[in-house]
Amino acid sequence: MNPTEFKRRRNQLMKMVGKGNIAIVAAAPQQVRNRDVEYPYRQDSDFLYLTGFNEPSAVLVLVPGRPHGEYILFCRENDPEQEIWHGRRAGQQGAIERYAADDSFPIDDIDDILPGLLEGREKVFHIMGRYPDFDQKLMGWVNQIKAQSRSGAHVPYEFVSLDHLLHDMRLYKSRAEISMMKKAARVSVAAHKRAMQLCKPGLFEYSIEAEFNHEFRRNNAQHAYPPIVGGGENGCILHYNDNSEQLNDGELLLIDAGCEIEGYASDITRTFPINGEFTPAQRDIYEVVLQAQKAAINKVKPGNHWNDPHNAAVRSITKGLLELKLLKGNLNKLIKDNAYRRFYMHRTGHWLGLDVHDVGDYKVGEQWRLLEPGMVLTVEPGIYIAAHSKGVHRKWWNIGVRIEDDVLVTRDGHEVLTRALPSAVNDIEALMAG
Ligand code: GLY
Ligand code: MN
Ligand code: MN
């Protein structure tokens, strides 16, 4: 992403933070997986959003109006020996030249330098509670200034949660962000197509997962979340990700997988028959979910509120279940009584961005938030009928269907970023037959 994009974001945030105050954001710590082995590093999304800097052991400090520089980046020093073992570091020079910091200091000197930056500021904007060790350090630095207050040091007197300001910014995607999310969507669509084309009875869930790894990595992308590849009854387990079992003829396969590129996520679910042809019962349920998804996507437009797509999906699913006699009674009463929850137990979507369940408030006060251009959300209704469901004919057992797409709110409606991936029954069957 272009460095000017990060600069624009920092400037926008600094305007809100205001002169005389300070904002501090820590990089994500490196996580240990097991003895001497670390998880692949994933930068904190807020830190990444403001810097584009992808190293651990770093702290961003913004001091609006500071004459010697408003944007300070603490990071690891260059160290030829360490870099031979663990990889390259930007160092202070890199922080200034490549990441446009006004000033950069070694992270090891932060205890000496940060109290001086805090001293004399009124409010400290900070994301509290995310990294408790860092919260502790911040308190320590503030206490250090307090200890000097008798010699005239001014202690910041207010801690303000930075989340609200920053996360509201992140909710509205810029052109650059939308184009990155489209890229992630393209790669995920290609991977889902590969999976559909390759799938056949007898393969294992993990061999289908491998197609995603291949397609993602060859595009310099990675999984945005652990992929769900669930055949038959596993498709009815919402967070299944063992991905270890064999795929049976006559059953469905539910795949929820999406990649991230430069941190920006896509999130796609498709459900299709392992042998390439839906049975009548599978098709019946599938069509109900597909209609519900269409009804929900149609509600994505400026002026509608966050819950409108969900309400549309609930109405459509309840109506469909009623027609299939999986529910009995009066439509409005069933909706009022949440009868659908037996088969549709999650919500219809979430914000999408640098985090797959992205930041941003869903309500403003007591009211659902109004949709506005630049917001991106998923629309992902589903129906899940576990085996031995009481009072449910066995022809419906082990049918788990979810259809999930990523949708951008535009000025006059919406754009489905993942629309290149077939979801109609005939289109899926045609792709799998080809
Ligand atoms: N893949 C996570 C979700 O669909 O919310
Ligand atoms: Mn999702
Ligand atoms: Mn998903």
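Counting only residues that are more than 20 Å from the chain's Cα centre (by Cα) and within 15 Å of Asp256 (Cβ to Cβ), which one in region 207-221 is least open to solvent (accessible area, probe 1.4 Å)?
Ranking the qualifying residues of region 207-221, first place goes to Ile208.
Does His350 count as open to solvent by less than 20 Å² (accessible area, probe 1.4 Å), more than 17 Å from Gly235 (Cβ to Cβ), within 16 Å of ligand 2 (Cβ to nearest atom) and within 23 Å of the chain's Cα centre (by Cα)?
So His350 fits the description; yes.
Here's the yes/no breakdown for (1) on the phi > 0 side of the Ramachandran plot; (2) touching a Lys or Arg at 6+ places or on another chain (Cβ under 9 Å); (3) buried (at least 23 other Cβ atoms within 10 Å of the Cβ):
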| residue | (1), (2), (3) |
| --- | --- |
| Val288 | no, yes, yes |
| Ala292 | no, yes, yes |
| Leu324 | no, no, no |
| Leu327 | no, yes, no |
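Only one residue in His346, His414 is closer than 21 Å to Ala257 by Cα and in contact (Cβ under 8 Å) with a residue 60 or more places away in the chain, so which one is that?
Answer to the selection: His346.
Yes or no: Gln282 part of a helix (DSSP H, G or I) and within 16 Å of ligand 2 (Cβ to nearest atom)?
Judged against the criteria, Gln282 is not a match.
For region 241-258, which residues satisfy the criterion of being touching a residue at least 60 places away in the same chain (Cβ under 8 Å), within 12 Å of ligand 3 (Cβ to nearest atom) and either part of a loop (DSSP other than H, G, I, E, B) or open to solvent by less than 10 Å² (accessible area, probe 1.4 Å) (or both)?
Leu254, Ile255, Ala257, Gly258
Within the group Gly374, Gly349, Gly360, which residue is over 21 Å from Leu252 (Cα atoms), in contact with a Pro (Cβ under 7 Å, 6 or more places away or on another chain) and assigned to a loop (DSSP other than H, G, I, E, B)?
Only one candidate qualifies: Gly349.
Given the structure, is Asp133 in a helix (DSSP H, G or I), among the charged types (D, E, K, R) and open to solvent by 70 Å² or more (accessible area, probe 1.4 Å)?
yes
I'm trying to understand the selection: among the residues of region 381-429, which are within 16 Å of ligand 1 (Cβ to nearest atom), in a loop (DSSP other than H, G, I, E, B) and open to solvent by 20 Å² or more (accessible area, probe 1.4 Å)?
Leu417, Ser423
Name every residue in region 90-108 that is farther than 21 Å from Asn11 by Cβ and either open to solvent by 60 Å² or more (accessible area, probe 1.4 Å) or of a type in the set (A, V, I, L, M) (or both), in order of residue number.
Ala90, Gln93, Ile107, Asp108, listed by residue number.
The values are calculated or read from the model by the stated rules, or taken from the named source; none is laboratory data. Computed from a predicted model, the values in this text were never measured in an experiment. Glycine gets a Cβ as well: all are built from the backbone with ideal geometry, and neighbour counts include every protein chain shown. Note: areas computed on protein heavy atoms with side chains; ligands, DNA, RNA excluded. Shrake-Rupley method; radii C 1.70, N 1.55, O 1.52, S 1.80 Å.
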